Every structure is written in structure tokens, then in C-alpha cells.
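Below: the structure, in C-alpha cells.
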Amino acid sequence: MVSQAPMQCPSLTSREQFLRDVLAGLRASPKVLPSKYFYDQRGSQLFDQICELPEYYPTRTEVAIMQSHASAMGDLIGPNSMIIELGSGSSMKTGWLLENVPRPLCYVPVDISGEHLLEAADRIADRFADIEVLPVCADFSAEFELPEADTAIDRRVAYFPGSTIGNFRPAPARQLLAGIAKLVGPGGGLLIGFDLEKDRQTLEAAYDDADQVTAAFNKNLLRRINQELGGDFALEQFRHRAVYNESHRRVEMHLVSRVQQVVRIDGATVPFAAGESIRTELSHKYRPDSFARLAQSAGFTPVQLWTDPKQLFAVGYYTV
Ligand code: AVJ
């Protein structure tokens with residue numbers, strides 16, 4: 001059953017906010033653009049395509065880990081739990097988990113995109129008639145209120161799959177995790193997917209695929225600026241670049257200007273030198289112990305870690 005309180009989606013990205021963020025980023029040195037703006041309709045489609053690429057191992061590896069270990073995860077979580085999925089999107093990996101958590105169980109998908117959210121909530125509610133589904137439209141990186149469940153809840157557990165945490169630098173990642181610890185409270189848990197450090201070649205191929213889907217995903221950000229902010233980026237004058245920055249343990253995506261040029265956006269001008277780049281995304285990679293330390297610094301205790309035979313990706317369970 002989907003209980004639906006009247007749901008107001010915070011209008012996350014007004015045009016004004018988008019414009020402010022874009023101009024601030026392009027006036028900074030070096031130039032940056034926030035990766036959260038990748039996901040308009042076209043960007044979300046391209047991301048779904050990325051998840052199917054032979055080079056992009058994270059999604060299929062995380063799904064395999066969930067398939068193999070969801071029953072152990074469900075046992076650790078236990079009955080009378082509220083599962084709060086952060087950035088639930090289309091709730092792709094959720095079924096494996098919900099099938100294996102003992103009942104009673106309440107599921108709270110949290111997403112900024114209202115349409116995605118209600119569609120996914122309906123699908124989960126149809127498939128699991130005995131689960132109370134309470135969708136919340138919110139930005140999970142800011143504070144939000146949890147809905148009240150019908151049945152008494154013994155613990156709250158956040159589910160944060162997809163290695164989205166990798167988009168955050170260490171300090172904001174710690175803050176986000178500390179916010180999750182506060183949200184689930186004492187006795188609560190966190191089940192989180194994160195990507196593991198590995199050889200440069202595998203990492204760079206995952207973010208620079210042969211079919212150029214990731215390049216299209218990256219350049220879509222410029223197309224979006226053109227469309228929504230009246231920019232005049234010539235997409236073919238920028239080159240996609242993905243590089244593993246080993247000292248920071250992160251893949252960085254860039255758009256590199258092929259020539260010296262001036263771009264206009266809503267009356268503002270942005271000069272580019274030939275070879276100058278805009279950094280559009282950071283994707284941090286961890287070792288089991290480096291992620292445990294991060295989680296501990298946010299108030300969590302490591303309980304168990306699951307990984308795949310090639311140790312490409314990990315899903316960990318932590319408690320407050
Ligand atoms: C959705 C942030 C997990 O960092 O791997 C995929 C996004 N960017 N290919 C990632 C992404 C380019 C992805 N996350």
C-alpha cells in the first residue's frame with residue numbers, strides 16, 4: 001500500500017539557481033560545473049545507457065552483490081524496520097533487498113524527482129502488498145522529515161546504493177553520512193554501496209567508453225545550459241576527458257576546450273583558453289578500510305562488508 005501524504009516537491013533547480021551555479025562555476029579557476037545537473041531527462045537516459053556498457057562495471061557488479069547476499073543483509077537488518085532509500089530514482093536495486101528483509105517492514109523511497117518517485121513507489125507497492133510504502137520527495141543531501149509508519153518500528157535503516165557517495169569530497173561525504181546517522185538515530189543502520197580502488201586502465205575505461213556514451217553524458221550538460229539558460233556552447237569544440245587522479249583516489253571527468261573561444265550564457269561571457277578544462281564530476285574510490293574510517297568518522301560502526309570475486313565494488317552495513 002502506498003500511503004500518500006500530500007506531496008510537494010521542493011523545486012530544486014529554478015532556472016535562477018541553475019544559472020547562478022553555472023556562472024559561479026565557470027568564473028572559478030579552474031572551471032567547474034556541479035555534477036547534479038547531469039540528470040535532466042536526456043541525462044538520465046544516457047546514465048541508464050552507461051549502466052549497460054561493458055566498460056561500466058559498477059552497476060552490474062552491485063546488482064550481483066545484492067543478488068548473492070541480500071538474504072544475509074536482510075537478516076542483519078531484521079524485522080520491524082523502516083528502510084529509507086536515499087536517491088531512490090527508479091528503485092532498481094530495491095527489490096532484492098525488500099524480498100529478503102523480515103516482515104513487518106516499511107519502505108521510504110526518497111528522491112528529488114517527484115515523477116520517478118511515485119512511479120517507483122507504485123511499482124514496489126504492487127509487487128510487495130504487505131509492505132507499507134511512504135514516498136518522500138526531498139533532496140537527501142539536506143535535512144528532511146521522516147513520515148510516521150502505521151506499525152511500530154524497531155529501527156531505521158538507510159539504503160544508499162549506486163556509489164553516489166563517491167561524488168562527494170571527503171569532508172562533505174563525512175557530513176552527509178553524519179546526517180544519515182542522525183536520521184536513522186541510535187540503533188539505526190546504513191547499507192551503502194561504494195566503488196573500490198583498482199587499476200587505472202579499468203577505471204578510465206569505465207568513464208571513457210568506446211561508444212562515447214559517457215562523452216555524450218558529459219557534453220549533455222553543455223547542451224542543457226544552451227537549452228535552459230540560452231548558452232551558445234558549440235559542443236564539438238569540447239572534448240570529453242576522464243582521468244584517474246591517484247593521489248586523491250578519484251576519477252575526474254572534464255570537458256576540455258579544443259580552441260581558444262568565448263561562450264555566451266544569458267548575457268554573460270566566459271572566455272576559454274585552448275586546452276582549458278571544466279571539471280564536471282568527481283567519483284571517489286575507496287578501500288574497505290578507508291571507507292570504514294570515513295563511516296566511523298561520521299558516527300557509524302562497521303558491521304559487515306560484501307564484495308564481488310574480483311573486488312571491484314563493495315556494499316557495507318554499518319550501525320549507529
Ligand atoms: C552515479 C555518481 C555513481 O560516479 O560512477 C557514471 C556517475 N559518471 N559515468 C559514477 C557516472 C560517469 C556515477 N554515479
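Here are some notes:
- Residues Lys31, Lys182 in ascending order of nearby Cβ atoms (within 10 Å, fewest first): Lys182, Lys31.
- When +1 charges are put on Lys and Arg Cβ atoms and -1 charges on Asp and Glu Cβ atoms, the dipole computed for the stretch 13-79 relative to its Cα centre reaches about 460 debye.
- A Förster radius of 56 Å combined with the Cβ-Cβ distance from Leu235 to Ser68 puts the calculated FRET efficiency at roughly 0.85.
- Over the stretch 251-320: Kirkwood hydrodynamic radius from C-alpha pairwise inverse distances, Å: 15.8
- With Cα atoms defining each centre, the stretch 222-273 and the stretch 45-117 are spaced 33 Å apart in the structure.
- Mean Cβ neighbour count within 10 Å, used as a protection proxy, ranking 104-111, 42-49 highest first: 104-111, 42-49
- Calculated SAXS-style log₁₀ I(q)/I(0) at q = 0.08, 0.12, 0.13, 0.14 Å⁻¹ - the chain, Debye, Cα scatterers: -0.38, -0.85, -0.99, -1.13
- Whole-number D in µm² s⁻¹ for the stretch 174-316, Kirkwood Cα-pair radius fed into Stokes-Einstein, 25 °C, 0.890 mPa s: 138
- Dipole-positive endmost among Tyr159, Ser14, Leu134 within the chain (Cβ charges, Cα centre): Ser14
- With a cut-off of 11 Å on the backbone N, the residues of the stretch 237-262 near the modelled label site 7 Å out from Ser290 along Cα-Cβ are 245-251.
- Gain upon complete extension [Asp199, Glu119; 0.36 nm per residue less C-alpha separation]: 25.0 nm
- The stretch 67-107, Cα convex hull volume normalised per residue, Å³: 61
- The stretch 1-155: radius of gyration over Cα atoms, expressed as a fraction of 2.2 N^0.38 Å: 1.19
- Cα-based reach from Lys310 at 27 Å (exclusive), listing lysines while leaving out same-chain residues under 8 positions away: Lys93, Lys198, Lys285
- Listing Glu228, Glu85, Glu236, Glu246 from fewest to most neighbouring C-beta atoms within 10 Å gives Glu236, Glu246, Glu228, Glu85.
- Extended-chain gain in nm, criterion 0.36 nm per residue less alpha-carbon gap, Arg127 and Ser297: 57.4 nm
- Length gained on full extension, Val256 to Thr151: 32.4 nm, using 0.36 nm per residue less the C-alpha separation.
- Of all DSSP-defined beta bridges confined to the stretch 1-143, some 0% are antiparallel rather than parallel.
- Solution diffusion estimate, µm²/s, Stokes-Einstein, the stretch 110-231, Kirkwood Rh from C-alpha pairs, 10 °C, viscosity 1.306 mPa s: 89
Values in this text are rule-based calculations from the coordinates and carry no lab data. Keep in mind that this is a model prediction, so the values were computed, not measured. FYI the Cβ positions are ideal-geometry reconstructions off the backbone, even for glycines, and counts take in every protein chain you see.
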